[in-house]
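Enquirer: The structure's right below; bear with me while I get my questions together.
The values are calculated or read from the model by the stated rules, or taken from the named source; none is laboratory data. Predicted, not measured: the structure shown is a model, and the values here were computed from it. Neighbour counts run over all protein chains shown; Cβ positions are idealised from the backbone, glycine included.
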Amino acid sequence: MFELNGQTAIVTGAATGIGEAIARRLAAAGAIVVVADRDFSGATRMAASLGGASFAVEVDVAQPESVQLAVEKVLARAGRLDILVNNAGIAGRAASLWELTDEDWNKVIAVNATGVFHFCRAVVPHMRERSYGRIVNIASIAGKEGNPRMAPYSASKAAVIALTKSLGKELATEGICVNAVAPAVVRTQILEQLTPEQVAYMTDRIPMKRTAKPEEVAAVVHFLASADCSFVTGQCYDVSGGRATY
Ligand SMILES: NC(=O)c1ccc[n+]([C@@H]2O[C@H](COP(=O)([O-])OP(=O)(O)OC[C@H]3O[C@@H](n4cnc5c(N)ncnc54)[C@H](O)[C@@H]3O)[C@@H](O)[C@H]2O)c1
């Protein structure tokens, strides 16, 4: 079930990590997947490995013109867009809030929060015209609980959760469902941006006492991206090994 035959899905940040696992899962369910990443060579390799009609586009989610252009390219090539997964994100520099520069703050907010806004704004008019769409935003448990030494990241992910709830309500009668997923620690390259102590702090708080595999996040995204997700919108699903209790 949850089949996606004939549908087109954009997955941002899909050259590697969680985005790659999501792209593989959606492609296996029948979707044409657009691997949208600022790492164009990685995205091209990934898209080629998916086979079928999947393809790559170069995009910097923090730049509105780049996002608009990427969405235009996708529509010109695929003719339709059913699914958007806003997954691209960065951790930023781990430091106490009072040690952060404006640049540290702005960079993380621009990619993680404003990037989701840019992509939703570019894609929603097309989904509204067709009265169908599924948007899945990758937030983080940090956006619910706030991780120390990760204030910009935590704030950006709280913004993603709130944006998801607002947009879900705005589109609730239009056949478009908007949901978020909040993973805890997932074993990907993003962890290289953090110290081992920071990763240990986060893993210790997980009742299952382990990190997640990217595929475990992709499984939840798959449902939220499918037509079977028809009475669920504006929600945030935790993939956290039991960490958050609300
Ligand atoms: N790994 C974790 O523990 C974890 C936990 C919770 C949430 N998340 C979230 O999951 C998402 C994916 O994380 P990951 O661990 O796979 O990261 P990753 O670093 O392995 O991959 C991120 C991908 O996003 C791309 N990217 C980064 N900035 C971009 C930009 N401005 N425009 C376009 N593409 C860009 C990178 O090129 C890369 O391919 C992120 O939003 C992250 O915050 C990760």
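Enquirer: With respect to A180, is the statement that it is more than 10 Å from the ligand (Cβ to nearest atom) and small (G, A, S) true?
Expert: So A180 fits the description; yes.
Enquirer: List every residue pair whose Cβ atoms lie under 6 Å apart, where the two residues are 6 or more positions apart in sequence or sit on different chains, the first residue falls within the range 1-14 and is within 18 Å of V123 (Cα to Cα), and the second residue, located anywhere, is small (G, A, S) and in a strand (DSSP E or B).
Expert: The qualifying pairs are I10/A36; T12/A36.
Enquirer: Hey, can you tell me all the residues within the range 149-170 that are small (G, A, S) and either assigned to a strand (DSSP E or B) or under 14 Å from the mean Cα position of the chain (by Cα) (or both)?
Expert: Matches in the range 149-170: S156, A158, A159.
Enquirer: Sort through R24, R45 and tell me the only one that's surrounded by fewer than 22 Cβ atoms within 10 Å (Cβ to Cβ) and within 17 Å of the chain's Cα centre (by Cα).
Expert: R24
Enquirer: I'd like the residue in the range 80-105 that is part of a loop (DSSP other than H, G, I, E, B) and within 12 Å of the chain's Cα centre (by Cα) and, out of all such residues, is surrounded by the fewest Cβ atoms within 10 Å (Cβ to Cβ).
Expert: Applying the filter and picking the extreme gives I90.
Enquirer: With the requirement that a residue be outside any helix (DSSP H, G or I), under 16 Å from I176 (Cα atoms) and either of a type in the set (V, I, T) or within 11 Å of the ligand (Cβ to nearest atom) (or both), what does the range 106-148 give you?
Expert: I135, V136, N137, listed by residue number.
Enquirer: Considering only the range 211-219, I want to know if a residue exists there that is buried (at least 21 other Cβ atoms within 10 Å of the Cβ) and touching a Pro at 6+ places or on another chain (Cβ under 6 Å).
Expert: yes
Enquirer: Another one. Can you work out which of the residues in the range 203-242 that are assigned to a helix (DSSP H, G or I) and touching a helix residue (DSSP H, G or I) at 6+ places or on another chain (Cβ under 8 Å) is farthest from T16 (Cα to Cα)?
Expert: Top of the filtered list is A225.
Okay, residues lined up against (1) within 9 Å of the ligand (Cβ to nearest atom); (2) acidic (D, E); (3) modelled with pLDDT under 95; (4) touching a Lys or Arg at 6+ places or on another chain (Cβ under 6 Å):
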residue	(1), (2), (3), (4)
A14	yes, no, no, no
A21	yes, no, no, no
V33	no, no, no, no
D39	yes, yes, no, no
T44	no, no, no, no
